[in-house]
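Working notes for the structure below.
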Amino acid sequence: MTTRFIEIMVGLFVVLGILALFMLAMKVSNLSGLTRSDSYEISAYFENVGGLKVRSPVTVAGVRVGQVTGIVYNSDRYEAQVSMRIGVMHDYFPIDTTASIYTAGLLGEQYVALEPGAEDDVLKTGDTIEFTQSALVLEEIIGKIVVKLTSG
Amino acid sequence: MVTATIQNLGHWTLSLFERMGRASIFFVRVLAAVPSTFTRPRLIIKEIYSIGVLSLTLIIVSGFFVGMVLGLQGYVTLVDFGAEESLGVVVAITLVRELGPVVTALLFAGRAGSALAAEIGLMKTTEQLSSMEMMAVDPIKRVIAPRFIGGIISMPLLTIIFTAVGILGGRFAGVGLLGVDEGSFWSQMQANVDLVDDVANGMIKGVVFAVVCVWIALYKGYEATPTAEGISLATTQTVVNSAFAVLGLDFILTALMFV
């Protein structure tokens, strides 16, 4: 067992460890997410965000274009303010774009779906989406059904 | 009778404090010897080889099988809810947060910790440590500290490798054998695993467990009774105490990090 052999093996060991860490960073977690330079931020107000979380996806026509970066309650509007970061390659959203919160699958995670409008002006950094549709809350729907059944 | 019981309790408490004190003093002495050891990297490299590189086979094989079992079990449960796309998240979160650090630490204690304790215990029994002292060589600096640094460098690396290989094992079982969609396996994983909250916290666990396991192994070897029986006792205690310490600490760290 020469020193040379031991040093080569230890070197390989360290390389293997770094490769594994690289895989955990790039492939398992989302380090390769959007950075400040290649994205812009817009926000939308929702009456109810349901189970939406920070880092939930933002999609257009089912294609992921960005992610939710913050959810805070705005006490002036009595609504939840959702900030979203969108990749710069998707900078063509008209200002009358609609934002809705949907659920992926029956029990899946919630996401923001954007539906482009028809105006010529497009959304820029700091703009707010005016047309929104809140998350469906199962209890509310059940409540409505119960009211309908009992009143009729 | 009552007095004897109370006396036993008192004796046990005092000896517990004595052992804790000895272990702490030992730890401080090792830490004090660490800086001067870095001037002799050859010693450290040799220890990384015997502690880390030689544990690689065990870690990689175990990691792959643990990941495969997670993939199979997760699939069986998730498919009932029609949520088998979440398999990637289940496998990755379980491995990154818990199983990676904990199983690596337990395997490490069994594979490398016991070897360290036995080696140092035998050095003490055959009076190699005292002969070093005779020659004015500090055994803490020459023998203990390089093993300490080697272990603390090796084990976090082994944890990372175990976790990565485990995720590949989960992918093999889920995507390869059971036919989960590969795209959603990875994309759901990426959407739900956070680099700081999950991966970095898991690595912190790995480092903490490394310090604890190596410390216990070196201390048990260094304080072993210099007989054949003493060495066997030290080896056993190393594995048992490491397992208790790792599992107990894991609960505390999880409570601090993820709740």
Within segment B:31-44, is there a residue that is touching a Ser or Thr at 6+ places or on another chain (Cβ under 9 Å), part of a helix (DSSP H, G or I) and within 10 Å of another protein chain (Cβ to nearest Cβ)?
yes
Of the residues that make up segment A:31-40, is at least one of a type outside the set (D, E, K, R) and touching a helix residue (DSSP H, G or I) at 6+ places or on another chain (Cβ under 8 Å)?
yes
Can we say residue B:147 is over 23 Å from residue B:29 (Cα atoms), open to solvent by 10 Å² or more (accessible area, probe 1.4 Å) and among the basic types (Lys, Arg)?
no
Within segment A:49-87, the count of residues that are open to solvent by less than 40 Å² (accessible area, probe 1.4 Å) and in a strand (DSSP E or B) comes to 18
Among residues of segment A:103-152, those that are open to solvent by less than 90 Å² (accessible area, probe 1.4 Å) and assigned to a strand (DSSP E or B), counted
11
With the condition kept exactly as written, say whether any residue in segment A:25-36 is in contact with a Leu (Cβ under 8 Å, 6 or more places away or on another chain), in a strand (DSSP E or B) and of a type outside the set (S, T, N, Q).
no
Scanning segment B:153-179 for residues that are more than 12 Å from chain A (Cβ to nearest Cβ) and open to solvent by 10 Å² or more (accessible area, probe 1.4 Å) gives B:172, B:175, B:176, B:177, B:178, B:179
Within segment B:47-66, can one find any residue that is closer than 11 Å to residue B:174 by Cβ and more than 9 Å from every other protein chain (Cβ to nearest Cβ)?
no
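The values are calculated or read from the model by the stated rules, or taken from the named source; none is laboratory data. Source: prediction; values computed, not measured. Cβ atoms come from the backbone with ideal geometry, glycine included; neighbour counts cover every protein chain shown. The protein model used for the area step is the full one, side chains on, heavy atoms only, and it has no ligands, DNA or RNA in it. Shrake-Rupley method; radii C 1.70, N 1.55, O 1.52, S 1.80 Å.
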